[in-house]
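Rule-based calculations on the coordinates, nothing more; no lab input. Values in this document were obtained by computation on a predicted structure and should not be read as measured data. Glycine gets a Cβ as well: all are built from the backbone with ideal geometry, and neighbour counts include every protein chain shown.
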Amino acid sequence: MDITLSQCFIAVDDHDKALPFYRDVLGLEVRNDVGFEGMRWVTVGSPDQPGVEIVLEPPLADPNASDADKRAMSELLAKGMLRGVIFATGDVDATFERIRDAGGEVLQEPMDQPYGVRDCAFRDPSGNLLRFNQRKAG
């Protein structure tokens, strides 16, 4: 069986705030920007992984959702409880410095983990958990 990852989804409450973070701070390229029924989807990805995309989607991509459902999803997003993504990097300390210096909300400074990585964590402008890890040598 030949299976590879194609896309993953991250809910954002404001694409105009999220896009500069993912594009300018993280260095991901914008691959698509589509509007439909008053909603917007933007796909971004690493130039080093042309077959993998992150879709920045509305918190509740359903034009028929009730106001209560929309409010509930917005509250979960604000708490950082919807999704998380783990990025791999060759230098977690340099990545940490770059994101922190650009104003990223730090959740965890770089530290060695017992499961073989050195990692750090941030929240994106919408509140999503983003971790960045580097495999430890040896």
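P(r) tail for the chain: Cα pairs beyond 26 Å make up 27% of the total. Partners of LYS17 within straight-line reach, counting lysines whose Cα lies under 30 Å from its Cα and excluding those fewer than 8 residues away in the same chain: LYS70, LYS79. The DSSP beta bridges internal to the chain are antiparallel in roughly 70% of cases. The smallest convex shape that holds all Cα atoms of the range 1-67, its convex hull, gives 104 Å³ per residue. Looking at PRO20, MET39, SER6, which one has the Cα that reaches farthest to the positive end of the dipole of the chain (charges on Cβ: Lys, Arg +1; Asp, Glu -1)? So the residue furthest toward the plus end is SER6. Using only side-chain charges placed at the Cβ, +1 for Lys and Arg and -1 for Asp and Glu, the dipole size of the range 1-123 relative to its Cα centre rounds to 160 debye.
Provide the net charge surrounding MET73, with neighbours chosen by a C-beta distance below 10 Å and charges set as Lys +1, Arg +1, Asp -1, Glu -1. Net charge in that neighbourhood comes out at -2. Each label was represented as a point 7 Å from its Cα along the Cα-to-Cβ direction; for ASP33 and ASP67 these points are 3.1 nm apart.
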